[in-house]
1. I'd like to verify a number: residues in the range 18-57 that are closer than 30 Å to residue 2 by Cβ, over 15 Å from the mean Cα position of the chain (by Cα), assigned to a helix (DSSP H, G or I) and not hydrophobic (A, V, I, L, M, F, W, C), how many?
2. Could you tell me which numbered condition residue 91 fails, if it satisfies all but one of (1) under 17 Å from residue 17 (Cα atoms); (2) among the charged types (D, E, K, R); (3) surrounded by fewer than 12 Cβ atoms within 10 Å (Cβ to Cβ)?
3. Among what's in the range 1-60 and is within 21 Å of residue 97 (Cβ to Cβ), among the small types (Gly, Ala, Ser) and touching a residue at least 60 places away in the same chain (Cβ under 8 Å), pick the residue that is surrounded by the fewest Cβ atoms within 10 Å (Cβ to Cβ).
4. In the range 85-92, is there at least one residue being aromatic (Phe, Trp, Tyr), more than 18 Å from residue 3 (Cβ to Cβ) and not in a helix (DSSP H, G or I)?
5. Condition first: farther than 30 Å from residue 3 by Cβ and surrounded by fewer than 13 Cβ atoms within 10 Å (Cβ to Cβ). Now tell me which residues in the range 61-75 satisfy that.
Amino acid sequence: MDEISALLLTKALDGLAMRATATSQNIANANSPGYQPLRVTFEERLREASNSGREAIRAVHPEYVHATPQDGEPALRLDLEMATASQTALRYAALVDVLNRQMQIARLTVRGGQ
């Protein structure tokens, strides 16, 4: 795996881990009056940085932002939070699988294909 792919993978895993934390906090506080749900943003900045090289990728850091209700919609919908939790877990697992496969390839290379 080249360095840029490894950096992108690491940053994506960091962002997804933060999103899992934010989503679990949102679910836990779903019935708390005045609670402002948390969101984690990083994908768009990471996508843009991927075209600009290693230093741009290193400079991307996932961040928490408070969700704001839009046009009469509630700020937090438990069904959407559960969907976000599921989607985040699937994405995280897929990236870990990619990392695991890369490690297996490296292991085979070191062992001479055995």
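Just so it is clear, none of the values below were taken in a lab; they were calculated from the coordinates. Because the structure is predicted, anything quoted here is derived from the model rather than measured. Positions of Cβ are generated from backbone atoms using ideal geometry, with glycine treated the same way; all protein chains shown enter the neighbour counts.
1. Here the count works out to 4.
2. (3)
3. Among them, the one singled out is 17.
4. No, because not a single residue in the range 85-92 is aromatic (Phe, Trp, Tyr), more than 18 Å from residue 3 (Cβ to Cβ) and not in a helix (DSSP H, G or I).
5. Once the filter is applied, which keeps residues that are farther than 30 Å from residue 3 by Cβ and surrounded by fewer than 13 Cβ atoms within 10 Å (Cβ to Cβ), the range 61-75 yields 66, 68, 69, 70, 71, 72, 73, 74.
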